[in-house]
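In what follows, a structure is listed as structure tokens, so that the remarks can point back to it.
Each value in this text was obtained by applying a stated rule to the coordinates, not by laboratory testing. All values derive from a computational prediction rather than experimental measurement. Cβ placement follows ideal geometry from the backbone for every residue including glycine, while neighbour counts extend to all protein chains displayed.
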Amino acid sequence: MEAAGTHSQFTSEPFRVPRAEIERRTAAIQAELVRAGVDGLFIVQRADLFYFSGTAQNGFLYLPAEGRPLLFVKQSVARARAESAIETLAPIDSVKAVPGLIADAYGRMPDRLGLELDVLPVNDFRFYRSLFNPKDCLDGSPLILRVRSIKSDWEIAQLEATAEMTRSTFDHMRTIIAPGLTEMQFAGMYETYARTIGHGGKLRVRHYNAEGYPWHVLSGENGGRVGVLDSPASGQGTSAAFPAGGGGRRLRRDEPVMVDLGSVLNGYHLDETRMFAIGSMPAKAYRACRAAIEIQAAVVERARPGVTLAEIFELASSMADRLGFRDVFLGPCGHQVRFIGHGIGLELVEPPIIARGRETPLETGMVLAVEPKIVYENEFAAGVESVFRVTPAGGRLISKVPVEIFIC
């Protein structure tokens with residue numbers, strides 16, 4: 001049942017990545033393989049599999065440096081055929097059948113095989129190395145992530161659809177936030193709404209020890225609580241077993257409330273933060289909020305092709321110094337993180353990372369979330385986060401949530 005006044009983004013038509021999009025991605029990764037001297041790439045990780053094949057069914061994808069990709073599917077073959085634009089699909093009962101099928105299809109096995117070594121467990125790596133027995137196993141993840149970092153117009157359209165869903169969710173938050181709700185109650189209410197308009201629920205993260213969640217609600221002193229996250233503020237969390245995000249603290253009038261929402265629609269993520277207050281925002285927090293908004297605007301304006309990630313970071317850092325927030329920018333004194341933004345797409349955090357010392361230049365088509373945060377330990381957090389696209393004329397916001405402080 002749809003929430004009143006909304007239009008669900010769920011449809012009866014299956015979501016499908018266009019054939020031209022899959023072919024573009026295949027050509028891009030094959031060019032990277034040729035440059036790196038890798039004969040073939042064996043894809044196991046679910047987000048990478050979806051990116052290059054259009055399906056996330058139980059299977060594997062072999063991408064040769066030359067020739068057509070070969071998709072192996074265990075379950076469900078029928079759904080994979082309906083979802084994927086890959087022409088050559090081989091049903092398998094076991095991955096042990098894959099080497100023989102590769103040899104039959106291409107006339108040889110790869111001597112230099114790429115695997116996703118940043119996420120592949122050691123035992124799985126040993127198994128695949130033994131199964132394929134190549135002369136050399138190489139890390140294919142940097143090549144994959146390099147290709148994924150440049151978004152096509154079709155991908156931008158998917159991100160814009162997620163942005164519309166997020167905008168609607170933030171609008172809903174403004175109507176339901178109330179004193180007395182716990183952080184988790186508030187999060188549960190807006191998550192319920194978001195699910196009715198398409199939120200996929202599962203936020204994909206790449207690192208094995210990281211967890212994505214949409215209930216990062218930090219109110220009052222919980223906004224100034226550091227902890228497990230490599231983030232300016234961790235929040236209270238629900239217990240010692242999950243010590244991050246919203247918890248049991250009740251929202252109060254006249255205090256800052258930070259909401260950092262991760263959204264996903266058809267696999268494409270957005271990561272956005274806005275500040276709320278019920279009644280009024282304290283003056284100290286208001287100044288910090290305005291500073292974060294000013295820093296974000298400068299970063300987005302500066303984000304042109306050729307500008308390095310380090311230059312963007314230093315711009316934000318120097319502005320924070322000038323505005324009087326040096327010791328509390330990106331975390332309280334002694335707990336400051338060294339990044340101000342990250343790529344985003346099929347995973348919540350992707351390369352490139354906007355961080356000190358990173359000399360990678362921005363390129364047209366990169367999509368990043370920039371998140372200047374100002375944190376006073378055990379007092380509050382203030383900040384903003386929006387997603388933008390790099391264009392020759394500078395950054396263009398994909399986010400559609402107004403860049404404002406919401407006083408409710």
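Gain in length, R68 to E221, computed as 0.36 nm per residue apart minus the alpha-carbon separation, to one decimal in nm?
49.5 nm
Estimate the FRET efficiency between F242 and A105 by the formula 1/(1 + (r/R0)^6), using the beta-carbon distance for r and 35 Å for R0, to the nearest 0.05.
Efficiency for this residue pair is about 0.15.
Taking Cα atoms, how many degrees apart are the long axis of helix 283-302 and the longest axis of the chain, rounded to 10 and kept between 0 and 90?
Once rounded, one gets 40 degrees.
Apply the a/c threshold of 1.5 to the C-alpha gyration tensor of region 187-250 and tell me whether it is rounded, prolate or oblate.
oblate
With both partners inside the chain, how many of the DSSP beta bridges are antiparallel, as a percent to the nearest 5?
Bridges in the chain that DSSP calls antiparallel: roughly 80 percent.
On a full-extension model of 0.36 nm per residue, what is the gain between N266 and T192, subtracting their alpha-carbon distance, rounded to one decimal in nm?
Working: separation 74, 0.36 × 74 = 26.64 nm, distance 1.74 nm.
Answer, rounded to one decimal: 24.9 nm.
Assuming 0.36 nm per residue, please report the length gained on full extension of the stretch T182 to R356 beyond their Cα-Cα distance.
Working it through step by step, the gained length comes to 59.0 nm.
Near Y190, within a Cβ-to-Cβ distance under 11 Å, what is the net charge of the other residues, with Lys and Arg +1 and Asp and Glu -1?
0
Taking other Cβ within 10 Å of each residue's Cβ, how do V98, V259 sort, fewest first?
V98, V259
With percent of Cα pairs over 31 Å apart defined as stated, name the option among (i) 45; (ii) 42; (iii) 52 computed from the structure displayed.
The value matching this structure is (ii).
State the answer as a single residue: which of Q45, Y128, P91 lies farthest towards the positive end of the charge dipole of region 19-148, with beta carbon charges of +1 for Lys and Arg and -1 for Asp and Glu, about the Cα centre.
Among Q45, Y128, P91, the one farthest towards the positive end of the dipole of region 19-148 is P91.
To the nearest Å, what is the center-to-center distance of region 317-359 and region 240-297, using C-alpha atoms only?
When both Cα centres are located, 16 Å separates them.
Compute the separation of the alpha-carbon centres of region 138-170 and region 22-65 and state it in Å as a whole number.
Centre-to-centre (Cα) distance: 16 Å.
Around V384, under 15 Å between beta carbons, what's the net of Lys plus Arg minus Asp minus Glu among the other residues?
Details: positive: R167, R274, R287, R290, K373, K400; negative: D260, D271, E272, E294, E301, E371, E385, E404.
Residues near V384 contribute -2 overall.
Which residue, T88, T26, T55, has the most motion in a Gaussian network model of the chain that connects Cα atoms within less than 10 Å?
T88
Order 210-219, 266-275, 239-248 from most to least packed using the mean count of other Cβ atoms within 10 Å.
My ranking of the peptides, most packed first, is 266-275, 210-219, 239-248.
Along the charge dipole of the chain, Cβ charges K/R +1 and D/E -1, which of P305, M366, G245 sits furthest on the positive end?
Projecting each Cα onto the dipole axis, the largest value belongs to G245.
Which residues in region 42-66 have a backbone N closer than 16 Å to a point placed 7 Å from the Cα of K135 along the Cα-to-Cβ line?
What the label zone holds, given the 16 Å backbone N cut-off, is 65.
Please identify, among A285, A28, A381, the residue showing maximal mean-square fluctuation in a Gaussian network model of the chain using a 10 angstrom Cα cutoff.
Largest GNM mean-square fluctuation: A28.
What does the helix-only formula give at 222 nm for the chain: each DSSP H stretch with n ≥ 4 adding -39500 (n - 2.57), the total divided by the residues, and the result rounded to the nearest 500 deg cm²/dmol?
For the chain, the value works out to -10500 deg cm²/dmol.
Label points 7 Å out from Cα along the Cβ direction at D153 and A27: separation in nm?
Modelled inter-label distance: 1.4 nm.
If you take every residue apart from V77 with its C-beta less than 14 Å away from the C-beta of V77, what net charge results, scoring Lys and Arg +1 and Asp and Glu -1? Working shown, then result.
Details: positive: K74, R79, R81; negative: E83, D93.
Once all neighbours under 14 Å are counted, the net charge is +1.
Rounded to the nearest 0.05, what FRET efficiency do H207 and Q75 give with R0 = 25 Å and r taken as the Cβ-Cβ distance? Could you check?
Computed FRET efficiency for H207 and Q75: 0.40.
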